[in-house]
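S.K.: Sharing a structure, written as structure tokens. Questions coming.
What follows is calculated from the coordinates using simple rules that are stated; it is not laboratory data. As the structure is a prediction and not an experimental result, all values here were calculated from the model. Positions of Cβ are generated from backbone atoms using ideal geometry, with glycine treated the same way; all protein chains shown enter the neighbour counts.
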């Protein structure tokens, strides 16, 4: 430790870390952002690793982790006074307050603050143990936390205290622990309802749990609220440079194509990477999942590649430039923008069939989509043209009115009655086969269509959900920080994945009475400048 003496303050600040708990460094960096602006304590961790004091292993997902050893934690803590330790936790808590809505409570933390959701009770206990005891046994906190975290995180909080309320909460959690597992119950709203039912069975917690259950029943009677934060299934870390996203039909895993010459299959429930597909020579530009979920298709500047989704093994590659993909809904073939003309590749024999004739102009393809019946491939280009092709014969079926701007994304309605076309200025919905414009929605060109074609998601500073028949705004999801760059829907539209640098969110649609939409709370997750006064429990 002597050679770290010049960084004594930063090393001492690490005593606020929970010991013997595995942490993602990306989560930790977000959770401690701005806590020590001059020189963040996290900058000394690599130095400590070089001296053999801590280990920062990098997993198969490329993300680094740390488990701060309990003995080292105790050694460093022995050089601090109780007041200094309390102040270290207080800095984390002061930042927490700035993340809450004005006048908000701790259970209204942004869902993307994964570190705080898991370890806020630890920091609060180090600053004000009585307040931590009250919060740990509060049904509102428990119901909110089970939406964001797994049941193990709940038990870790409750194991720290032995009050009457915490004991009752512990019994309730234990009684429904199997049902609260994310793999058993991926819907966060259902998990919260199950836990509240169990909490209502404990006399000491019954009144608060019953009151909260009534509030939740009254939240969305036949309407969609303005914020989608509680529709979140999971927030997970991601590689920093993501080109494309594909979401499985059941919402349990997704694929990212990244600029690191590989794609990754992510398990949504435990935020891990199942398989790394690659590396390959070229940067992965696009990815897709076959309808049966058995294979992943990726494309780069060299080839289209088929991978086994269960093992991550490369099955086959077909040479040729592939920066756009459209998979047949039946899984028999996929369309690519392979030069010199777009092509259809058989997913069984891998035979290649070109669309059009050699004499056709070589327009730069920028978007592709398959119709729901598999009988039409729509191809858009940077010159604004949209052509419809027969995937079997390769003959042209028709052409839609030219777009005034380059085409960036295409998507058919589930019944094939319209085609959504995006450009820099937003999304247009064109009737099929007449090509007449039915609707125009301003915003980003990277949209997604879901729920049987009833809504369309448009990313940006918020992810806006619009009806596709009227354009009405149904709701918004506000990310914790920064714009959302990408959205993709699962094949049945029940799940929506949003992506930005370093973080992903997966939302699940739930039915509410008389409406299709996302079940959400009345409050909205936003940043607000609050006074640094900590609202204890």
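S.K.: List the relative contact order of the stretch 2-218 as a percent without decimals, with contacts defined as Cα pairs under 8 Å and 6+ residues apart.
M.R.: It comes to 16 percent, rounded to a whole number.
S.K.: Expected output is a single nm value to one decimal: the length gained when fully extending between residue 437 and residue 197, i.e. 0.36 nm times separation in residues minus the C-alpha distance. What is it?
M.R.: 81.5 nm
S.K.: Here is a further query. Residue separation times 0.36 nm, minus the C-alpha to C-alpha distance between residue 43 and residue 241: what's the value?
M.R.: Full extension of this stretch gives 69.0 nm more.
S.K.: Between residue 214 and residue 357, what is the FRET efficiency for a Förster distance of 45 Å, r being their Cβ-Cβ separation, to the nearest 0.05?
M.R.: According to the calculation, E is roughly 0.10.
S.K.: Got the relative contact order for the stretch 41-91 handy, in percent, Cα pairs under 8 Å and 6 or more residues apart?
M.R.: Computed over the stretch 41-91, the figure is 19 percent.
S.K.: Another question about this same structure. What distance in nm lies between label points placed 7 Å from Cα along the C-beta direction at residue 424 and residue 29?
M.R.: 3.2 nm
S.K.: With N residues in the stretch 2-218, what two-decimal value do you get for its Cα radius of gyration over 2.2 N^0.38 Å?
M.R.: After normalising by residue count via 2.2 N^0.38 Å, the value is 1.09.
S.K.: Any chance you could check the Cα centroid distance between the stretch 358-405 and the stretch 122-154 for me, in angstrom?
M.R.: Measuring centre to centre over Cα atoms gives 54 Å.
S.K.: Would you calculate the separation in nanometres between label points at residue 50 and residue 301, each defined as 7 Å from the Cα along the Cα-to-beta-carbon direction?
M.R.: Spacing of the two 7 Å Cα→Cβ label points: 3.5 nm.
S.K.: If you don't mind, there's one more thing I want to ask. For residue 102 and residue 311 in one chain, what is 0.36 nm times their gap in residues minus the Cα-Cα distance, to one decimal in nm?
M.R.: 70.5 nm
S.K.: Let me know the shape class of the stretch 150-208, please: from the alpha-carbon gyration tensor, a ≥ b ≥ c as square roots of the eigenvalues, rounded when a/c is under 1.5, otherwise prolate if a/b is greater than b/c, or oblate.
M.R.: oblate
S.K.: Right, next: Return the distance in nm (one decimal) between the two label points of a simple spin-label model at residue 164 and residue 190, each offset 7 Å from Cα along Cα→Cβ.
M.R.: Computed distance between label sites residue 164 and residue 190 equals 3.6 nm.
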